[in-house]
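Asker: Dropping the structure in here first, questions after.
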Amino acid sequence: MDDSNLFPISRRDLLIAGASSAAATTVPAAAAEAATQEAPVRSRVTLEVNGAPRTLDVDTRTTLLDALREHMHLTGTKKGCDQGQCGACTVLVNGRRIVSCLSLAVMNQGAKVTTIEGLGTPKSLHPMQAAFIRHDGYQCGYCTSGQICSAVGVLDEIRRGVPSHVSADITAQPVLSVAELRERMSGNICRCGAYSNILEAITEVAGAKA
Ligand code: FES
Ligand code: FES
């Protein structure tokens, strides 16, 4: 039986057509990959870090966290999740706490950045650092830099009257309560579970009763 009507294209022709179509899709893919490998855009950024001016030439995609750790070697600020969920990378920027993994270095041009290295010194600890030691507010210590910077920021927020999700009256001065501190510190995760001691340390610095 002549099956040329059933199979109008020979197996050989089919293989040749398949090879050319694969080549046609590979070339644009290679071009797209080459395009993504173009040299990164770089920018000059000047920051004041722990009281000292620092100028960096960075890829514009560099986070503030990586600028601190990899470019300035301030490794006290920790990288946990690198996606804004653990608080380990918390620093103070112009006195306000932020997670530095979610902020690009270039977004902070001219800002005053305070890391754990700039809060106190081994001989003259910041009151929050001293309170964390007194109350055993850490175990492995990985989250501690972020906890301390965040706690300093929290007390400043309360002093400035910034309400939180648990503030009963958002127009009134927030009351320094355990509920307020827990809510405001909820973005700082501690895998060691030192939460109750951390709360005691912050409460002591705040001059309130837990
Ligand atoms: Fe920034 Fe986890 S490393 S929030
Ligand atoms: Fe270990 Fe907080 S002290 S994660």
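The values are calculated or read from the model by the stated rules, or taken from the named source; none is laboratory data. Just so we're clear, the structure is a prediction, and the values are computed from it rather than from any experiment. Glycine also receives a Cβ, built like all others from the backbone with ideal geometry; neighbour counts cover every protein chain displayed.
Asker: Of the residues in the stretch 52-69, how many are basic (Lys, Arg) and touching a residue at least 12 places away in the same chain (Cβ under 8 Å)? Steps first, answer last, please.
Answerer: Taking the stretch 52-69 and keeping what is basic (Lys, Arg), we get 54, 61, 69.
Keeping just the survivors that are touching a residue at least 12 places away in the same chain (Cβ under 8 Å) gives 54, 61.
Final tally of qualifying residues: 2.
Asker: Contact list please: Cβ distance under 7 Å, first residue in the stretch 100-129 and over 18 Å from Arg61 (Cα atoms) and free of Cβ contacts under 8 Å to residues at least 24 places away in the same chain, second residue assigned to a helix (DSSP H, G or I) and within 16 Å of ligand 2 (Cβ to nearest atom), pairs at least six apart or on different chains.
Answerer: Listed pairs, sorted by first residue: Gly120/Gln129; Gln129/Ile148.
Asker: Then there's this: Going by the structure shown, is Gly146 within 24 Å of the chain's Cα centre (by Cα), assigned to a helix (DSSP H, G or I) and within 16 Å of ligand 1 (Cβ to nearest atom)? Working first, answer last.
Answerer: On the way: within 24 Å of the chain's Cα centre (by Cα): yes; assigned to a helix (DSSP H, G or I): yes; within 16 Å of ligand 1 (Cβ to nearest atom): yes.
Answer is yes for this residue.
Asker: Could you list, in sequence order, all residues of the stretch 149-189 that are more than 14 Å from ligand 1 (Cβ to nearest atom) and of a type in the set (S, T, N, Q)?
Answerer: If the condition is that a residue be more than 14 Å from ligand 1 (Cβ to nearest atom) and of a type in the set (S, T, N, Q), then Ser164, Ser167, Thr171, Gln173, Ser177 are the ones that fit.
Asker: Output the residues belonging to the stretch 79-95 that are closer than 14 Å to Thr63 by Cα and either more than 6 Å from ligand 1 (Cβ to nearest atom) or without any contact (Cβ under 8 Å) to a residue 24 or more places away in the chain (or both).
Answerer: Lys79, Cys81, Asp82, Gln83, Gly84, Thr90, Val91, Val93
Asker: Among the residues of the stretch 162-184, is any within 13 Å of ligand 2 (Cβ to nearest atom) and in contact with a Ser or Thr (Cβ under 8 Å, 6 or more places away or on another chain)? Break it down stepwise before answering.
Answerer: Of the stretch 162-184, the ones within 13 Å of ligand 2 (Cβ to nearest atom) are none.
No, that holds for no residue.
Asker: Out of (1) part of a helix (DSSP H, G or I); (2) buried (at least 20 other Cβ atoms within 10 Å of the Cβ); (3) away from ligand 2 (no atom under 16 Å from the Cβ); (4) hydrophobic (A, V, I, L, M, F, W, C), the odd one out for Met128 is which?
Answerer: Here Met128 meets the rest and fails (3).
Asker: Filter the stretch 84-103 down to the residues that are farther than 20 Å from Leu155 by Cβ and either buried (at least 20 other Cβ atoms within 10 Å of the Cβ) or in contact with a helix residue (DSSP H, G or I) (Cβ under 7 Å, 6 or more places away or on another chain) (or both) and list them by number.
Answerer: Residues of the stretch 84-103 that are farther than 20 Å from Leu155 by Cβ, as a first pass: 84-86, 101-103.
Those that are farther than 20 Å from Leu155 by Cβ and either buried (at least 20 other Cβ atoms within 10 Å of the Cβ) or in contact with a helix residue (DSSP H, G or I) (Cβ under 7 Å, 6 or more places away or on another chain) (or both): Gly84, Cys86, Cys101, Ser103.
Asker: Need pairs with beta-carbon distance below 7 Å; first residue small (Gly, Ala, Ser) and within the stretch 177-189, second at pLDDT 95 or above; sequence gap 6+ or separate chains.
Answerer: These pairs meet every condition: Ala179/Val166; Gly187/Gly87.
Asker: Looking at the stretch 59-83 only, could you name the residues that are surrounded by 15 or more Cβ atoms within 10 Å (Cβ to Cβ) and assigned to a loop (DSSP other than H, G, I, E, B)?
Answerer: Thr62, Met72, Leu74, Gly76, Thr77, Lys78, Lys79, Gly80, Asp82, listed by residue number.
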